[in-house]
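Participant: If you scroll down you'll find the structure; I have some questions about it.
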């Protein structure tokens, strides 16, 4: 969501600190994972709004982002050229995600990044499954329009 590995780690710690601090407010009839996701998403939204207010670089301009983390955890099996190509493609996708509205980025991150089911996302965001499904389709359409020219360029440029 933030495009910055270090900030994401800080937000993760803050989310668990808030869970501990507000543990007495948790409603037992609710699902814990939904409550935790809601806290984490609110922290991400707050961080993104703060970044915008302070005029910091937008997500798509952050060169460090997750790419460094991907390099650290990259498997040694593929050849170096395939690794570089994969990193470049991941960076292109990350930048495209950064250009999406918060809602679309959130939905795609939860669905495809975290692998949550529509029902779980609907619970977390307090929306109907139909609304979640529709908004994911819209976000996929938006990211496709952003990515298509970039990936076509890369394909035409060749290896």
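Participant: Of all the helices (runs of 4 or more DSSP H) wholly in segment 1-94, which have at least 3 residues that are at pLDDT 80 or above, buried (at least 17 other Cβ atoms within 10 Å of the Cβ) and within 16 Å of the chain's Cα centre (by Cα)?
Facilitator: On the way: elements: 5-21, 32-53, 67-73.
Of the helices (runs of 4 or more DSSP H) lying wholly inside segment 1-94, those with at least 3 residues that are at pLDDT 80 or above, buried (at least 17 other Cβ atoms within 10 Å of the Cβ) and within 16 Å of the chain's Cα centre (by Cα) span 5-21, 32-53.
Participant: If a residue must be assigned to a helix (DSSP H, G or I) and either touching a helix residue (DSSP H, G or I) at 6+ places or on another chain (Cβ under 6 Å) or at pLDDT 90 or above (or both), how many such residues does segment 113-125 contain?
Facilitator: Summing the residues that are assigned to a helix (DSSP H, G or I) and either touching a helix residue (DSSP H, G or I) at 6+ places or on another chain (Cβ under 6 Å) or at pLDDT 90 or above (or both) in segment 113-125 gives 8.
The values are calculated or read from the model by the stated rules, or taken from the named source; none is laboratory data. Treat the numbers as computed from the prediction; the structure is a model and nothing was measured. Backbone-built Cβ (ideal geometry, glycine too); neighbour counts: all protein chains shown.
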